[in-house]
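Below is one structure, written out as C-alpha cells, with a few remarks after it.
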Amino acid sequence: MTQPIIQLSGLDKYYGNFQALSQINLDIKTGEFFSLLGPSGCGKTTLLRAIAGFEVISAGSLHIDGASMEDVPANQRPTNMVFQSYAIFPHMSVSENVAYGLKARRLPKAEIEKRVAEAISMVGLDGFGDRASHGLSGGQRQRVALARALVLKPRVLLLDEPLSALDKKLREQMQSELRQLQRAVGITFVLVTHDQEEALTMSDRIAVMFDGEIAQVASPQELYGKPTNRQVANFIGQMNFLDAKVMGVDGDKVLVDVQSLGKLTLDLHQATGGIEGCNVVGVRPEMLTILDGSQAAEREIEAEVCEVFYYGDMTYYEVILPFTEAKITITMRNTAGRKVLGEGETARVGWSQSSLLLLK
Ligand SMILES: Nc1ncnc2c1ncn2[C@@H]1O[C@H](COP(=O)(O)OP(=O)(O)OP(=O)(O)O)[C@@H](O)[C@H]1O
Ligand SMILES: [Mg+2]
C-alpha cells in the first residue's frame with residue numbers, strides 16, 4: 001500500500017483550557033477526496049487549519065508525504081487552502097488574482113501566463129481573465145479562489161466549506177464540478193462541510209466528528225449503511241430508533257428484545273460498533289414498507305398512521321407502532337397505483353430483520 005499523504009496521530013488542540021481536538025488519529029490517502037463532516041463547533045476548521053499550519057497543535061504528530069510538519073510553517077507546507085468566504089482581491093482582475101501566488105514565487109512570466117490560463121480554464125472561467133473581481137457572482141468568485149489555489153499545484157487542497165455561501169442550485173452544480181475537477185487533477189482534496197448530503201455525494205471517505213473527536217471514518221455507503229453508533233446514525237440521514245435489550249449472545253447470533261418488534265435473533269455483525277453497551281435498534285425510514293393490498297414482507301406489524309407528508313414523488317409517514325408512544329418515520333415512493341394512506345388509518349408495516357442495526 002502506498003503511504004498515506006496525511007497522517008495524524010494522537011493529535012490534540014487546546015485553546016487555553018478548552019480542548020478543541022482530542023486524540024485525532026487519521027490517515028488520508030493520496031489522491032483521495034476526503035471530507036470532515038460534523039455539526040457546527042465540532043472542530044472541523046481547527047483540524048483543517050492544523051493541517052495547513054495555521055494552528056500549532058498541542059500534542060501528537062502530523063506528517064504530510066511522510067515528513068513531520070513540526071516546525072514547518074504554513075507557506076512551506078505542500079498544502080493550499082480555500083476558505084468559506086472567498087478571499088480574493090477585489091481590486092485585481094481574475095487573472096491577476098490567479099497569478100498572485102506564482103508571482104510571489106518569482107516564476108518566469110511566460111510560465112505564469114500559461115499556468116494561469118490553464119487554471120482559469122480548469123474552473124470553467126475561460127474568457128473571464130480580464131474581468132474585474134468585484135463584479136463577479138458568488139459562484140464565479142469561488143471558482144477564482146479555487147483556480148488561485150490549484151495554480152500552485154499543491155499536493156493537498158484544503159477546502160473549508162467552500163460552497164456554503166452559494167444558493168442550493170449553484171451549490172449542487174459546483175459540488176459536481178468540484179468532484180470532476182478533483183478527479184481530473186488528481187490532487188488530494190480535504191473538504192470541510194457540515195452538510196451530510198454534500199459529504200455523501202462528493203467523498204471517497206468521510207470522517208464524522210463530534211465534540212473534537214472523530215466518531216467514524218468510512219466510505220459514504222458504509223457510513224450510511226453501517227454507522228457504528230447512534231450519534232453517527234442520526235447525523236447521517238434519518239434513522240428510527242427502538243429501545244432494545246440484549247438478552248444473550250450465542251456464537252455469531254444475538255438475542256434481542258426490541259420495543260414493539262419483540263424477541264429477535266440478529267446476526268452479531270448487525271451490531272456495527274460492537275455488541276458492548278448496545279441498547280437501541282436503528283432502522284432507516286426507507287427500509288420499512290407500508291404494504292399495499294396483497295403485498296407481503298418478511299415480517300409485518302400493524303401501526304397507526306398519525307401524520308402524512310406528501311411530496312409528490314415521495315410520501316413521508318409518521319406512524320405509531322403498538323406498545324409504544326414513539327413515532328417512527330417511513331418513506332415511500334409514490335409508484336404507479338400506490339394508494340396514499342390518510343391520518344388515522346391503520347397501516348401494515350413490512351420490515352426485515354436484516355435491515356436492523358444494533359447500536360449504542
Ligand atoms: N482561536 C480560538 N480561540 C478559542 N476557541 C476557539 C478558537 N477557534 C475555535 N475555537 C473553538 O473551538 C471549537 C471548534 O471550532 P471550529 O471552528 O474548529 O469548529 P467547526 O467545526 O469548524 O464549526 P463550524 O461548522 O461552525 O465552522 C469551537 O468551540 C470554537 O469556539
Ligand atoms: Mg468551521
By average Cβ neighbour count within 10 Å, what is the ranking of 185-191, 139-145 from highest down? 139-145, 185-191
Checking the cross-link filter: which aspartates and glutamates have an alpha carbon closer than 13 Å to that of Lys29, excluding same-chain neighbours under 8 positions apart? Asp65, Asp204
Between Lys339 and Lys263, 0.36 nm times their residue separation minus their Cα-Cα distance comes to what? 24.2 nm
For the pairs Lys226/Lys263; Lys226/Lys339; Lys103/Lys169; Lys44/Lys169; Lys44/Lys360, flag any whose C-alpha to C-alpha distance is greater than 27 Å. Lys226/Lys339; Lys103/Lys169
Using 0.36 nm per residue of separation minus the Cα-Cα distance, give me the extension gain between Phe18 and Ser58 in nm, one decimal. 13.3 nm
Ranked highest first by the average count of other Cβ atoms within 10 Å around their residues, in what order do 259-266, 30-37 fall? 30-37, 259-266
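Counting helices only, and only those DSSP H runs with n ≥ 4, report the 222 nm mean residue ellipticity of the chain as the sum of -39,500 (n - 2.57) divided by its residues, in deg cm²/dmol to the nearest 500.
The helix contribution divided over the chain gives -7000 deg cm²/dmol.
Mind giving me the FRET efficiency for Arg106 and Gln173? R0 is 45 Å, r the Cβ-Cβ distance, nearest 0.05 is fine.
Details: r = 36 Å, r/R0 = 0.81.
So, using R0 = 45 Å, E works out to roughly 0.80.
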Calculated FRET efficiency, Arg348 and Gln84, Cβ-Cβ r, R0 56 Å, to nearest 0.05? 0.70
Just the number: Rg to Rh for segment 161-228, Cα atoms, Kirkwood Rh, two decimals. 0.97
Compute, for the chain, the length of the dipole vector about the Cα centre, with Cβ point charges of +1 (Lys, Arg) and -1 (Asp, Glu) only. Units Debye, rounded to 20. 1380 debye
Counting only DSSP beta bridges with both residues in segment 6-225, what percent are antiparallel, rounded to the nearest 5? 55 percent
Label-point separation in nm, Ser294 to Thr324, each point 7 Å along Cα→Cβ: 3.2 nm
Within a 10 angstrom radius of the beta carbon, how do Arg205, Arg338, Arg333 rank from fewest other beta carbons to most? Arg333, Arg338, Arg205
When we measure straight from the Cα of Lys253, which aspartates and glutamates land under 18 angstrom away, once same-chain ones fewer than 8 places off are left out? Asp267, Glu276
How far apart, in nm, are the 7 Å Cα→Cβ label points at Asn279 and Ala67? 5.0 nm
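Ratio of alpha-carbon Rg to the 2.2 N^0.38 Å globular estimate for the chain, to two decimals, please.
The value comes to 1.20.
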As an exercise, use a Förster radius of 35 Å and the Cβ-Cβ distance of Tyr316 and Thr30 to find the FRET efficiency, rounded to the nearest 0.05. 0.25
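Rule-based calculations on the coordinates, nothing more; no lab input. What you see is a predicted model; the values in this text were computed from it and never measured. Note that we place each Cβ from the backbone using ideal geometry, even for glycine, and neighbour counts take in every protein chain shown.
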